[in-house]
1. Filter segment 512-538 for residues that are assigned to a helix (DSSP H, G or I) and modelled with pLDDT under 85 and give the result.
2. Kindly list the number of the only condition in (1) surrounded by fewer than 22 Cβ atoms within 10 Å (Cβ to Cβ); (2) in contact (Cβ under 8 Å) with a residue 40 or more places away in the chain; (3) not charged (D, E, K, R) that fails for residue 831.
3. Does residue 903 qualify as being outside any loop (DSSP other than H, G, I, E, B), over 29 Å from the mean Cα position of the chain (by Cα) and exposed (fewer than 12 other Cβ atoms within 10 Å of the Cβ)?
4. Any residue in segment 560-583 that's over 11 Å from residue 647 (Cβ atoms) and part of a loop (DSSP other than H, G, I, E, B): show its pairings with residues that are open to solvent by 80 Å² or more (accessible area, probe 1.4 Å) and at pLDDT 75 or above at Cβ separation under 6 Å, as long as the two are six or more apart or on different chains.
5. Here's a check for you: in segment 884-900, which residue that is open to solvent by less than 40 Å² (accessible area, probe 1.4 Å) and not in a helix (DSSP H, G or I) is farthest from residue 938 (Cα to Cα)?
6. Among the listed residues 913, 934, identify the single one that is at pLDDT 85 or above, under 21 Å from residue 547 (Cβ atoms) and of a type in the set (Val, Ile, Thr).
7. Given the conditions (1) within 52 Å of the chain's Cα centre (by Cα); (2) surrounded by fewer than 20 Cβ atoms within 10 Å (Cβ to Cβ), report the number of the one that residue 549 does not fulfil.
8. Residue 213 fails exactly one of the following numbered conditions: (1) farther than 16 Å from residue 98 by Cβ; (2) open to solvent by less than 60 Å² (accessible area, probe 1.4 Å); (3) at pLDDT 90 or above; (4) not hydrophobic (A, V, I, L, M, F, W, C). What is the number of that condition?
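The values are calculated or read from the model by the stated rules, or taken from the named source; none is laboratory data. Not measured: the values here are computed from a predicted model. All Cβ positions, even for glycine, are placed from backbone atoms using ideal geometry, and neighbour counts span all protein chains on display. We work out accessible area using only protein heavy atoms, side chains counted, and drop any ligands, DNA or RNA first. Shrake-Rupley method; radii C 1.70, N 1.55, O 1.52, S 1.80 Å.
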Amino acid sequence: MTHSVRRRMSKARRESQSIELSSLAPGTRVMFLLKEKENTPALFTEMGELNNEEWRETARWVKFEEDVEQGGNRWSKPHVATLSLHSLFQLRSCIMNGHFMNDLAETDIPSIFNAVIENLEKSGDLPSENREELREILLRKHVHQYEQAKKNGAGGEKGGFLSTVRSISDIGKSFSHGKNLSKIEEKPEGPVTSQTAGAPSGSSNQLTLPTVESVPKDISSEESSKGNLHFLKKLPAGVEASNVLIGEVDFLTRHICCFIRLKNANQLGDLTEVPVPTRFIFLLLGPTGHGQQYREIGRAIATLMADEIFHDVAYGARDVDDLLDGIDEFLDQVTVLPPGEWDPNIRIEPPSKLPSQEKRKQIGQELLVEPSSHKHVKKVVEEEEIHSHGDDPALKRTGKLFGGLILDIKRKAPHFVSDFTDAFNLQCLASICFMYFGLLAPIVTFGGLLEEATHQRMAAMENLFGGALCGVIYHFFAGQPLTIVGSTGPVLVFETIVFDFCHRFGIVYLSFRFWVHVWTAVIIFLMVVTDASALVSFITRFTEESFATLIAVIFIYEAIMKLVKIKGQLDMINYSRDFVEGGFCSCVPPIGKPSVSPDHARLVIKSTGLPIAFNDTFIDYTAANLTDCRTIGGSFDGTTCFPLYDKLLMSILLTVGTFFLATTLKKMRNSCYFPSSVRQLLSDFAVMIAIASMTFVDIFVGVNTPKLNVPSTFRPTWEGRGWFIPPFDANEWWTAPLAILPALLACILIFMDQQITTVIVNRKENKLKKGCGYHLDLLVLSVSILMVGFLGLPIYVAATVLSINHINSLKVESECKAPGEVAQFVGVREQRVTGIVTFLIIGLSVLATNILGRIPMPVLYGVFLYMGISALGGIQLFDRTLLLFMPMKYQPDTIYIRHVPIRKIHLFTAFQIGCLALLWVIKSIKSTSILFPIMLVVMVAIRKMMEKAFTTTDLKYLDDPMPDFHLRKKEDAKRRQSEGEAVEIEFDNENQATIHAVKTEAHLHIPMASGNVIKIPLAAIQEPSHSINLTKEVNNSGMWKHITSVDSKNSLVRDVPASSDPTSSRDAPIEQPEDDDDPIMIKVIRPSPHTSTSNLTTENTPLLKDEEPPKTNPDEPKV
């Protein structure tokens, strides 16, 4: 393999050499230009056209284009700019043959335009006799659209009712952008008064109407000179301006074009609509008759300035060739729409999510890796390739005792203070209100089920106390405080099995349960010590989504079934439409399973003083009237028993109303109605507003619907127990070691329930930034389990649906939105306060029994329905299930549909639905429900066996990759791959030097004398390159030759000698500034895959070069 290397180095080290950059692709040349760039400010671009005696604003760009409508009284909707290829080529010609005034030091408009005129006159593009005419035109007044709208509103001709309506809709905007207003007030021009609010100076303390189209007639010109402050609120901080000026004049015979970049951005009077400093000015003037061409060229340069890559090129350009490289790179990325299949006059709506431009920035990046940032670049690439939480450092086994726990503490400790300070936000208050009612109803309901399962050993009071204690402790110390803990269905099943076991063998339940909790806490602590949480890496999206879907479906199912069960609570009266002789209706003992346990019925009779006889084995149900019969769990019998269905109908209306009201208000954030601050407030408090509204409706109607029953006194439900549980009570000593067996089952249940939920919370889609702590979560959980065992309280573990809804209630979207830009999800408010405060209020709920007792249970069933359906919204299994009923032409454009055959997608979905059905059956059957946590482990094994039916590519897009069981072998192979194989490369040059390179599986790493490392893909060396150089292709195109031809009727090129070659300046070597850190280019001659010497001559095309082999100069020095 023969290599020719050309380097750029400082003169202090060796003679300066030049590189033929024209041989590289435009994207690669742009990469070399931007490799040392710093963060550049955002740009606001405004285009003004010469109109009679003034420059009039006709379009503007932040990210999308806005045009002044033909009526001249309003801006168009923001839309994606559509450009013709001809206008881009004309712009390229203007830049190539025009003037690039780089880092101009002038700071005001007269000085800048004087420098422009001198430059034009010096180059011969402007005759001396036209100098003053051009100066007078350039210094004319700039009129902006918002000023014209104010004149129309003040004159009353075009203002009217519509302007007033728009003004009212903008009231909230002045308050929703208070941060931006405070930034404006700090500017030296003085405090913001009422320029856009339409009030006289000094009235800033009064409520005003911030408008764009109508203001009072007495507005002063001094105020209007400050610019459009209302639009300034929509621009990002630190924004700079780019002005495009185009026009037709009658004294020019050919066009003049200047691209000006100021050394320092300066405020240039009324040049820009908003009071921001101007950095760039693009000037294009020419003879009359080409106005439409000038307008399209202006739109082209303005669109380029709004492009993320060309924006950076404009800031870093050193000469015209760098600007042309930016244009060529833009042309290399454009998409062409067929002219006969769409209407160019149609405005394309902005996308809901802007695509990332990082891939454009990485073109050619593999040719140069700085030694100081080599590891950093490699790390970034690896992070982008991570597809599962299995590669999360928090789940790596450290090999040391407490190793994972120590790393969790180090990871979370720096954020502990911010976990409290970040909660000072109205959104957190809304989340507290939502989660309070979302937690209170399940806790009370679960307490009732526990009361029945454990014969009052634990009930609603114990559940409230346990929730307050465990919730506060967990959210104060946990590694992931966004996870909400709660009492889950599997825990209820476990408590039922343990109680039945104790009841059968005559063991005291609470004392035996104490030892079960002790052993459970010890085993979980040993898991923390040995980094057992690393096993979570085997839980992929397949298992996560199956479990999350099951819990969400349970929420929906239980909400509907509880609503249906209200039919068994209907009031009964003695009535018949037809006459029935001897008709009667009376209360009788319950038939089948009673709705109220006999013990609870006796407690109700005793507490309310009902005249009903009872003892330990008997209750006289016949003595109860029809009103009290339901209360003590009796049934009705008779020929004239008539049920009243008003309770059921009202309950259905309350449930459905709560669900739809909460869902509708939650979507208000992205609605077109009301100001943004009002929409955000309605969205954050959607569930709270729905609960309050439906509760008031229930109170107003007065139907006797089921109400929330909260304990009113802080004492144990069962009189035979206290708050502290004795370790043995009447049990034998052998019950303590016997408790190890159920403790092992409890550990599997708690570990899987806790960690699957935590994995779902920590998924990369949630964009969490403060890290996680799987080991720390288990440690806090083990402590809380020991405490609730000693106090006789239920176990609290991570609740999947509640945690998902907690995350959804704290999602944050981007605040500063350019016109047309849709708010993007940027992360979650990571803090501990919402969980702590929510569980504190739950513990204090016993003090608000009178208020909480008025909330109808059907309203809370509507909240359950909302939480279950909301949790399904972000689950891919639900989306793939809908594909089964969707014709192919209507299927969404998702990443897995693009890369995986639809048959494989349906097969994968069938596997998941089958596992989901199996989990449902096992959970629903009482005799098998104890196997539920074990089945979650079995699902991991099923997912591993599915690798036989699916390819690695299929599972890459449908699921997460599972870790290899042979971890040690895999790590050794990875280490050998990273170390690489040392090879020697001889250079065919004067010194016959030898370079020691390192060859890895995918790249060849060549160290250079300057300290840089060249990384060349082996695939590019071994296989012919099919890439093209767009710059040379453009120069050879017929359209470009037509545009650059002097005799073309549409030519915008100034007169040049006929012998000049328009492409010569692009093909000549570019002189580069001296820089020790400049890039290095290596040309690699590919070897022929054949042994024939005749083939060697046809396969010697250099890497990254065109098909034509380069011409070498024998006199050129080599390195």
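1. Applying the first criterion (assigned to a helix (DSSP H, G or I)) to segment 512-538 yields 512-529, 532-538.
Hits for segment 512-538 are 532, 533, 534, 535, 536, 537, 538.
2. Only one criterion in (1) surrounded by fewer than 22 Cβ atoms within 10 Å (Cβ to Cβ); (2) in contact (Cβ under 8 Å) with a residue 40 or more places away in the chain; (3) not charged (D, E, K, R) is unmet by residue 831, namely (1).
3. Numbers: outside any loop (DSSP other than H, G, I, E, B): yes; over 29 Å from the mean Cα position of the chain (by Cα): yes; exposed (fewer than 12 other Cβ atoms within 10 Å of the Cβ): yes.
Spelling it out, residue 903 is indeed outside any loop (DSSP other than H, G, I, E, B), over 29 Å from the mean Cα position of the chain (by Cα) and exposed (fewer than 12 other Cβ atoms within 10 Å of the Cβ).
4. 580/639; 583/639
5. 891
6. Numbers: 934 fails: at pLDDT 85 or above.
The conditions single out 913.
7. Going through the list (1) within 52 Å of the chain's Cα centre (by Cα); (2) surrounded by fewer than 20 Cβ atoms within 10 Å (Cβ to Cβ), residue 549 breaks only (2).
8. Checking residue 213 against (1) farther than 16 Å from residue 98 by Cβ; (2) open to solvent by less than 60 Å² (accessible area, probe 1.4 Å); (3) at pLDDT 90 or above; (4) not hydrophobic (A, V, I, L, M, F, W, C), the one that fails is (3).
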